[in-house]
Amino acid sequence: MTYFTRFRQVVCAAAVLGASALPAAAITDTKFTYSTEQTGFLTISPMDFAPDGSNSAANPWFVSWTGMSLTGDGCFETGVNLPQGARITEIRVWYRKKVYFHFLSTKLVDGSSTNIALKSVPGDGTTERRSFGAAPEAETIVDNRSRMYGLGICVAPGETFHGARIIYKYTSAGD
């Protein structure tokens with residue numbers, strides 16, 4: 001065994017012993033914060049929506065997998081989960097012809113609801129895909145501890161909903 005080989009073995013053994021003597025460190029903090037506000041996007045697919053009741057479920061409606069669209073005659077809704085403390089800045093909706101949408105929060109303790117944003121877009125005869133953005137009616141900070149959030153849309157025969165996106169600002173990466 002050469003001097004160089006023996007020296008390398010000793011150095012490697014010392015490194016292994018030194019590393020194993022150090023205490024193990026792990027990230028145990030559950031609060032991850034950013035020094036500057038970040039922008040987040042929650043995209044909501046037409047596949048997320050369910051009929052809002054037996055009347056909407058009884059009417060003809062269809063969710064296309066390939067075109068990512070919902071057509072029908074009735075209202076449909078879905079729950080929304082955003083990061084705790086996020087500030088909602090805009091809700092954007094894609095549609096064809098016309099659409100009604102409603103974004104709200106509901107208190108868990110008593111079931112009372114607050115409108116965050118709602119908009120009814122009348123038809124103008126065009127069949128092109130369009131979108132609009134709606135700002136919250138008032139500053140809305142997400143509070144998952146005491147509230148739940150939901151988005152509803154209504155379409156009539158021949159109208160199409162293609163999806164929605166909620167834009168929000170946040171400084172914390174966790175609930």
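Points to keep in mind about this one:
- Filter pass, Thr106 being under 24 Å from Thr171 (Cα atoms), touching a Pro at 6+ places or on another chain (Cβ under 9 Å), of a type in the set (S, T, N, Q) and not in a loop (DSSP other than H, G, I, E, B): no
- Residue pairs whose Cβ atoms lie under 9 Å apart, separated by 6 or more positions or on different chains, with the first residue in region 146-159 and of a type in the set (Phe, Trp, Tyr) and the second assigned to a loop (DSSP other than H, G, I, E, B), are Tyr149/Asn81; Tyr149/Leu82; Tyr149/Val142.
- Complete set of residues in region 144-161 that are of a type in the set (A, V, I, L, M, F, W, C), assigned to a strand (DSSP E or B) and more than 18 Å from Met68 (Cβ to Cβ): Met148, Cys154
- Here Thr43 clears all of (1) surrounded by 19 or more Cβ atoms within 10 Å (Cβ to Cβ); (2) under 21 Å from the mean Cα position of the chain (by Cα) except the condition numbered (1).
- The test for being hydroxyl-bearing (Ser, Thr, Tyr) and at pLDDT 95 or above holds for Ser105.
- Qualifying residue in region 159-171 (condition: charged (D, E, K, R), closer than 16 Å to Thr43 by Cα and at pLDDT 90 or above): yes
- Matching entry among Glu159, Glu128 (being acidic (Asp, Glu), loosely packed, with under 15 Cβ neighbours inside 10 Å and out of contact with any helix residue (DSSP H, G or I) (no Cβ under 8 Å at 6 or more places or on another chain)): Glu128
- Residues within region 52-74 that are part of a strand (DSSP E or B), modelled with pLDDT of 85 or more and surrounded by fewer than 19 Cβ atoms within 10 Å (Cβ to Cβ), tallied: 0
- For region 78-94, the criterion of a residue being among the small types (Gly, Ala, Ser), part of a strand (DSSP E or B) and touching a residue at least 12 places away in the same chain (Cβ under 8 Å) is satisfied by at least one position.
- Just one residue in the set Thr39, Thr43, Thr78, Thr89 is touching a helix residue (DSSP H, G or I) at 6+ places or on another chain (Cβ under 7 Å) and modelled with pLDDT of 90 or more; that residue is Thr78.
- Among residues of region 119-131 that are touching a residue at least 12 places away in the same chain (Cβ under 8 Å) and closer than 18 Å to Ile44 by Cα, those with a beta-carbon under 7 Å from a residue that is surrounded by 10 or more Cβ atoms within 10 Å (Cβ to Cβ) and among the β-branched types (Val, Ile, Thr) at least six positions away or on a different chain give the pairs Ser131/Val93.
- In region 40-47 there is no residue matching the filter, namely being within 21 Å of Arg129 (Cα to Cα), touching a Gly at 6+ places or on another chain (Cβ under 7 Å), without any contact (Cβ under 8 Å) to a residue 60 or more places away in the chain and not aliphatic (A, V, I, L, M).
The values are calculated or read from the model by the stated rules, or taken from the named source; none is laboratory data. These figures come from a predicted structure and were not determined experimentally. Counting neighbours? That spans all protein chains shown, and the Cβs are built from the backbone with ideal geometry, glycine included.
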